[in-house]
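These notes concern the structure reproduced below.
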Amino acid sequence: MNQTTENWDLIVKPKSKWHDLKLHEIWRYRDLLFLFVRRDFVSLYKQTILGPIWFFIQPIITALTFTVIFGNLAKISTDGLPQVLFYLCGITLWNYFSDTLTKTSDTFTANANIFGKVYFPRMIVPLSVVVSNLIKLCVQFLLFISIWIYYLLSGSNVNPNKILFVVPLLIILIGFLGLSFGIIISSLTTKYRDLKFLVAFAVQLMMYASPIVYPLSIVPEKYKWLILANPVTSIIETFKYAFLGVGEFNWTHLSYSFVFTLVLFFIGLIIFHRVEKSFMDTV
C-alpha cells in the first residue's frame, strides 16, 4: 500500500516557549498588513461629508481651543512662542500616540470574528493601526509645517536646529510606545472587559501629564522628575526643541524613553502572543 506524503506550506501549532514569537511571519504576511491599512484608512471617513479634510480640521480646532482656554484664559506660558504654533507642535505628535494606543487597545475584542475564522499573525492588526495612523500623521504634519514656515518667515521667535534630523526617530519611537501600551491593554481586556472604559480617561490624564498645553520650563523643580518619568515627555520636548528652538533636549532623558519603549514593547509582545492562543475562550 502506497503512502502519500503531504507537504504543507504552513503548519499551525501552539507555541511552547515564551520567546517563540515568530516575528518573521509578519514579513510573510506583509500583503495582508497593507490590506488592513487600506481598510482602516478607507473605512475611517467613508460616508462622511468632509472625508480626509477632518485630518486638518481636528488639530486646528484643538489648537484653537487650547489657545482660548490655556493661552488666553489660564494665561499659561508658551515660552514666548505663538500660541497656535506651540499647541499644534505638541498636538501633532500626541495625536499619533493617543490614536495608536486607543485603537490597538481594542485589537482582540474588535477583531474576534476574524481571528476565530482564519489564521494569520495577530500582530498584523495592531501594526496596521500604527501604519494607517502614520498616514494620518503625515497629513497633519504637512499642516504643522505650513504654519511653522509661516511663523518662521514672519520673524517670530522660532529657531529650528540640527536636532531636526532626529525627528524620524521620534516618530518611530512614539508610534511604538503607543503600540506597546495598546497591545498590553488589548491582552488584558480579553479577560477584564471593564479596562476598556478606563483607556480614554487614562489617555486624557496622560496628556496633561505631558508637556502639550504647557512647557516643561514652568513645572516646579520638585515635580519635574515626575513629568520626566512619563516616557512621552522627552519625545514631545525634543520634537518642540527641534522645530521651535525651545524646550528641554537631553540625550539622557531621550535614552530613557527609548529603553522604556523597547522594554515595554517586548513585554507587550510576550503577553500578546500568550493571550492569542486562548483568547477565543474568553472573548
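The values are calculated or read from the model by the stated rules, or taken from the named source; none is laboratory data. As the structure is a prediction and not an experimental result, all values here were calculated from the model. With ideal geometry, Cβ positions are generated from the backbone for all residues, glycine too; neighbour counts draw on all protein chains shown.
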I need the full set of residues from the range 220-240 which are out of contact with any helix residue (DSSP H, G or I) (no Cβ under 6 Å at 6 or more places or on another chain) and aromatic (Phe, Trp, Tyr), in order please. 223, 225
Residue 129 fails exactly one of the following numbered conditions: (1) of a type outside the set (Phe, Trp, Tyr); (2) assigned to a loop (DSSP other than H, G, I, E, B); (3) surrounded by 21 or more Cβ atoms within 10 Å (Cβ to Cβ). What is the number of that condition? (2)
Identify all residues within the range 71-126 that are over 18 Å from residue 236 (Cα atoms), more than 24 Å from the chain's Cα centre (by Cα) and of a type outside the set (A, V, I, L, M); write none if there are none. 71, 72, 75, 113, 116, 117, 119
Please go through the range 16-62 and pick out each residue that is assigned to a helix (DSSP H, G or I), at pLDDT below 80 and hydroxyl-bearing (Ser, Thr, Tyr). 43
Looking only at residues in the range 109-123 that are part of a helix (DSSP H, G or I) and in contact with a Lys or Arg (Cβ under 8 Å, 6 or more places away or on another chain), which one is surrounded by the most Cβ atoms within 10 Å (Cβ to Cβ)? 115
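Would it be correct to say that residue 103 is surrounded by 20 or more Cβ atoms within 10 Å (Cβ to Cβ) and more than 20 Å from residue 217 (Cα to Cα)?
Numbers: surrounded by 20 or more Cβ atoms within 10 Å (Cβ to Cβ): yes; more than 20 Å from residue 217 (Cα to Cα): yes.
Judged against the criteria, residue 103 is a match.
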Residue 210 passes all but one of the listed conditions (1) crowded, with 20+ Cβ neighbours inside 10 Å; (2) farther than 26 Å from residue 69 by Cβ; the exception is number (2)
Taking the range 255-267 and the residues there that are in contact (Cβ under 8 Å) with a residue 60 or more places away in the chain and closer than 16 Å to residue 168 by Cα, the one that is surrounded by the fewest Cβ atoms within 10 Å (Cβ to Cβ) would be 258
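Quick one: which of 222, 191 is more than 26 Å from residue 81 (Cβ to Cβ) and either surrounded by fewer than 20 Cβ atoms within 10 Å (Cβ to Cβ) or of a type in the set (A, V, I, L, M) (or both)?
191
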Among residues belonging to the range 138-161 that are in contact (Cβ under 8 Å) with a residue 24 or more places away in the chain and of a type in the set (S, T, N, Q), point out the one that is nearest to residue 96 (Cα to Cα). 140
